[in-house]
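Here's the structure, in structure tokens; my notes come after.
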Amino acid sequence: MILPIVAYGDPVLQQEGEEISPDYPQLKALIDNMFETMYAAHGVGLAAPQIGKSLKLFIVDASPFAEDEPDLENFKKVFINPVILNEEGEEWAFNEGCLSFPDLRIDIERQETITIRYQDENFKEYEETYSGLAARVLQHEYDHVYGVVFTDRVSPIRRRMLKGRMTNISKGKIHADYKMKIFSPKGSVIK
Ligand code: ZN
């Protein structure tokens, strides 16, 4: 089932998600729905808060980047309860997009390499190190499950310049080719 994607402005995007235990109900269906939603929106990553669930869960499929980085050909994964243990290397800028901010692309500086501990969809635990675009996709999605969005990562001056466009997104003045949920204190609207 394709779910609406939460637009910037919804408080769920600014909350740290809860940890997930193996007895979380209907987890497989939730993950399947997240993949379906991400593919329908042509994203390479999607975090649970972006479909309105405040949970430490995100998915990635970075295979569209395989042209630039052949290693990403099969980079399709589920990350549950992730913890970045280490970040290192030089910061580099990459022009990032986010499904919760349609039409907004921003150069974001992040470090080159991360080591991340997480569980997969079967709650098997891993500790792995990633660099380059793989690390980049994980860093962006990881931020989401801790209540951080990419506009939090720019300088105050840049953020002031982006403010008008961010306000428009939060009010639903957007052109997305996928369904979005626009927050309103009186009740969210699907657009
Ligand atoms: Zn995002």
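The values are calculated or read from the model by the stated rules, or taken from the named source; none is laboratory data. Keep in mind it's a predicted model, so treat the numbers as computed, not measured. As a convention, Cβ positions derive from the backbone with ideal geometry for all residues, glycine included, and neighbour counts pool all protein chains shown. The protein model used for the area step is the full one, side chains on, heavy atoms only, and it has no ligands, DNA or RNA in it. Shrake-Rupley method; radii C 1.70, N 1.55, O 1.52, S 1.80 Å.
For the chain, a simple Cβ point-charge model (Lys and Arg +1, Asp and Glu -1, everything else neutral) yields a dipole of about 1440 debye relative to the Cα centre.
Between 43, 135, 183, the Cα set farthest toward the positive side of the dipole of the range 5-190 (charges on each charged residue's Cβ, about the Cα centre) is that of 183. Highest mobility in the GNM of the chain, judged by mean-square fluctuation with C-alpha springs under 10 Å and restricted to 160, 117, 105, is found for 160.
So if I take the centroid of the Cα atoms in the range 42-68 and the same for the range 1-40, what is the distance between those two points in Å? For the range 42-68 versus the range 1-40, the Cα centre distance is 10 Å. Less than 11 Å Cβ to Cβ from residue 147, Lys/Arg counted +1 and Asp/Glu -1: what total charge do the surrounding residues give? It works out to a net charge of -2. Among the listed pairs 76/173; 77/173; 76/186; 53/124; 28/163, a Cα-Cα separation exceeding 27 Å is found for 76/173; 77/173; 76/186; 28/163.
Between 121, 88, 16, the residue with the greatest mean-square fluctuation in the GNM of the chain (Cα pairs under 10 Å linked by springs) is 88. Just the protein heavy atoms count here, and of the accessible area of the chain at 1.4 Å, carbon and sulfur take up 48 percent. Average projected area of the Cα convex hull of the range 1-98, in nm²? Over every viewing direction, the Cα hull of the range 1-98 projects on average to 7.6 nm². Which one of 161, 27, 92 is farthest out on the positive end of the charge dipole of the chain, using unit charges on Cβ (Lys, Arg +1; Asp, Glu -1) and the Cα centre as origin? About the Cα centre, the residue reaching furthest to the positive side is 161. The eigenvalues of the Cα gyration tensor, multiplied by 5 and square-rooted, give the range 5-190 an equivalent ellipsoid with semi-axes of 24, 21, 15 Å from largest to smallest. Pairwise Cα distances in the range 74-140 exceed 19 Å for 39 percent of all pairs. Cross-link partners for residue 191 among the aspartates and glutamates, with Cα-Cα distance under 19 Å and sequence neighbours closer than 8 places in the same chain left out: 10, 36, 103, 177.
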